[in-house]
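Written below as structure tokens is the structure these notes are about.
The numbers here are math on the coordinates, done by the rules we state, and not lab data. Because the structure is a prediction, the values reported are computed rather than measured. Cβ: placed from backbone, ideal geometry, glycine included. Neighbour counts: every protein chain shown.
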Amino acid sequence: MSYIKEVLKEIEGRNGEQAEFKQAATEVLESLEGVINEHPEYRTNAILERIVEPDRQIMFRVPWIDDKGVAHVNRGFRVQFNNAIGPYKGGLRLHPSVNLSIIKFLGFEQIFKNSLTGLPIGGGKGGSDFDPKGKSDREIFEFCRSFMTELYRHLGADIDVPAGDIGTGAREIGYMYGTYKKITNSYEGVLTGKSLQYGGSLARTEATGYGLVYLTEEMLKAKGQSFNGKKVVISGSGNVAIYAAEKAMNLGAKVVTMSDSTGWILDEAGIDLAAIKEIKEVKRGRLSEYKSYRPKSEYHTSGRVWQVPCDIALPCATQNELNGDDAATLVKNKVTAVGEGANMPSTPDAMELFVSKGVLFAPAKAANAGGVATSALEMSQNSQRLSWTFEKVDSKLHDIMKNIYHNMAAAAEQYGHKDNFIIGANIAGFKKVADAMVAQGIQ
Ligand code: GLU
């Protein structure tokens with residue numbers, strides 16, 4: 001049995017019930033054949049066995065009291081996956097679906113994504129099954145304070161630096177930062193995605209969405225294409241979706257859809273982003289309100305954005321939101337490029353179809369790396385006790401995304417899979433971490 005198959009079997013035996021984690025691990029390991037054959041030291045150093053096993057996984061009780069005085073208990077997680085190339089780094093997801101499998105898949109992806117940025121950050125992820133939807137500010141504060149009252153002991157600016165993810169934005173990061181500071185009496189860059197007044201970085205809010213479009217544009221450019229004049233379908237309406245739409249529009253594209261957990265909008269004239277920002281960022285409302293801003297738009301609670309014919313699709317909502325049938329519809333409607341803004345939004349059969357049909361496909365760990373890359377730039381600014389201009393951060397982000405594209409394209413070609421950026425991103429991300437692990441000995 002090959003080394004990769006052996007380790008996949010071991011993963012199945014040990015993590016049988018963790019579907020999302022197994023999906024992410026299988027995709028990465030199956031990409032690595034060329035590089036594993038070339039580097040026998042990876043086997044002798046048990047690199048694969050070690051890279052699929054987190055350094056540690058922390059699970060804890062998060063009790064909090066709601067506005068009616070009723071006590072609740074959620075479960076908190078932090079998976080510190082790998083710190084071979086830098087402190088653990090990755091977001092905190094607050095969503096009722098959160099469980100160990102989801103946090104492990106996200107933490108595993110983060111190892112390779114963070115490596116691809118070229119910056120010194122390891123992989124980690126955390127969160128809770130707490131549902132922030134419909135909660136008051138005071139309830140959010142209660143939860144965040146309780147969550148950080150346990151988590152703080154595992155963090156540090158050179159140890160583990162969490163950030164936002166689904167359900168965690170500037171408000172939650174602020175409450176958690178305040179709690180960390182209160183308990184430790186230490187003012188350090190222990191979280192990223194902070195507000196600007198207390199150490200946040202300009203362009204961090206925009207970074208994941210902008211980065212997604214920068215990388216996708218670079219991928220299109222290599223084939224003599226661009227966003228200009230293209231019709232773009234986007235899912236999601238959170239931070240990633242909003243700023244992906246903004247940058248795509250800046251580059252001359254027309255964005256016609258967005259979605260949230262209850263429905264999706266189609267605006268053939270092009271989405272009114274100011275309206276979306278007001279609904280989502282100011283009112284924390286639902287997309288069903290969009291029709292009152294744009295009476296000619298459509299609001300749907302059934303079907304999917306992927307049925308709308310488009311040139312470019314940008315899934316920016318959540319994992320496994322685009323399946324094989326959706327991919328077949330997109331291909332039938334002649335989609336030319338797909339860039340993943342969310343983490344693992346395409347199912348394995350969807351990815352396979354895109355690649356086999358010659359659709360340009362930018363996988364999440366490359367395409368959405370702009371967020372965490374800019375978090376690393378926030379860490380640098382905090383260490384220097386300086387704040388860089390928007391232009392400086394944005395131009396570094398742009399360069400990072402271009403580099404990621406060229407590194408993954410080069411790795412794909414070097415190992416005989418030209419234009420398969422799934423394999424290219426996995427190899428390029430893996431190699432740096434694997435070499436660092438070899439250098440540091442079997443730990
Ligand atoms: N949650 C984001 C991601 O999936 C950002 C993580 C960070 O900034 O640390 O990469």
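Being under 24 Å from residue 117 (Cα atoms), over 18 Å from the mean Cα position of the chain (by Cα) and within 16 Å of the ligand (Cβ to nearest atom) is not true of residue 220.
Tallying residues that are farther than 20 Å from residue 280 by Cβ, touching a residue at least 60 places away in the same chain (Cβ under 8 Å), of a type outside the set (S, T, N, Q) and outside any helix (DSSP H, G or I) within the range 172-219 yields 5. Just one of the numbered conditions (1) within 16 Å of the ligand (Cβ to nearest atom); (2) surrounded by fewer than 17 Cβ atoms within 10 Å (Cβ to Cβ) is not true of residue 75: (1). For the range 282-292, a residue qualifies if it is outside any loop (DSSP other than H, G, I, E, B), surrounded by 15 or more Cβ atoms within 10 Å (Cβ to Cβ) and under 24 Å from the mean Cα position of the chain (by Cα), and exactly one does: 287.
In the set 441, 358, only one residue is surrounded by fewer than 24 Cβ atoms within 10 Å (Cβ to Cβ), over 25 Å from residue 319 (Cα atoms) and small (Gly, Ala, Ser); that residue is 441.
Quick check, is residue 153 away from the ligand (no atom under 16 Å from the Cβ), crowded, with 17+ Cβ neighbours inside 10 Å, more than 20 Å from residue 270 (Cα to Cα) and not acidic (Asp, Glu)? When the stated conditions are applied, residue 153 does not pass them. Filter the range 220-248 down to the residues that are closer than 16 Å to residue 322 by Cβ and assigned to a strand (DSSP E or B) and list them by number. Result: 232, 233, 234, 235. Would a scan of the range 18-33 turn up a residue that is among the polar types (S, T, N, Q), in contact with a Ser or Thr (Cβ under 7 Å, 6 or more places away or on another chain) and closer than 12 Å to residue 105 by Cα? The answer is yes, given that some residue of the range 18-33 is among the polar types (S, T, N, Q), in contact with a Ser or Thr (Cβ under 7 Å, 6 or more places away or on another chain) and closer than 12 Å to residue 105 by Cα.
With respect to the conditions (1) out of contact with any Lys or Arg (no Cβ under 9 Å at 6 or more places or on another chain); (2) surrounded by fewer than 20 Cβ atoms within 10 Å (Cβ to Cβ), residue 317 lacks only one, and its number is (2). Scanning the range 293-329 for residues that are within 10 Å of residue 233 (Cα to Cα) and either aromatic (Phe, Trp, Tyr) or outside any loop (DSSP other than H, G, I, E, B) (or both) gives 305, 306, 307, 312, 313, 314, 315.
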